[in-house]
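See below for the structure under consideration.
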Amino acid sequence: MEQHARDLRNLVSRTQREFESAESQLRQYEQNCRHEFTDTVHDPVYHEAYTIPGDPVGTMGVDWRGPCYVPAETIDRWKRECLRCGIVEYTEGVTETVTRKVPKWREK
């Protein structure tokens, strides 16, 4: 049984090193890519409404908190994808113009 556990630990260790190496190579590839992005797509994030239940009955002291309703919220977000390396970028920043919102991407 000890040998089997030792073999599994070695496998996990080796797999973790391979993962970290592959992740580093991918990051390097994405940094060196001459990105060719797709058109920007509006991709909003929606959070449903919910109620925070508050403190249980019997704990009513000076700092007792009752139930609190949190309304639904939609956050504007835009995304674009590189056709060469597949990296996906998201932004919530916009530049307001008179007629519409224009996504604001960070400069590299």
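Here are the numbers for the structure shown:
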quantity: Neighbour count of at most 15 Cβ within 10 Å plus DSSP loop: longest GluC sites (Glu not before Pro)-free window in the chain; calculated: 49-91
quantity: Approximate spin-label separation Trp105-His47, in nm, with each point projected 7 Å along Cα-to-Cβ; calculated: 2.8 nm
quantity: Karplus (6.51, -1.76, 1.60) ³J(HN,Hα), θ = phi - 60°, over region 23-36, in Hz, Gly and Pro reported as x; calculated: 5, 5, 5, 5, 4, 5, 4, 5, 5, 8, 5, 8, 3, 10
quantity: Listed residues Trp78, Leu26, Leu8: farthest to the positive end of the dipole of the chain (Cβ charges); calculated: Leu26
quantity: Mean-position separation - Cα centroids, region 2-16 and region 19-77, in angstrom; calculated: 35 Å
quantity: Taking N as its residue count, the alpha carbon Rg of region 35-108 over 2.2 N^0.38 Å; calculated: 1.80
quantity: Difference of contour (0.36 nm per residue) and Cα-Cα distance, Arg65 to Cys82; calculated: 1.4 nm
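Rule-based calculations on the coordinates, nothing more; no lab input. Here the structure is a predicted model, which is why all the values come from computation and not from measurement. Cβ sites come from the backbone with ideal geometry, for glycine too, and all protein chains shown count toward neighbours.
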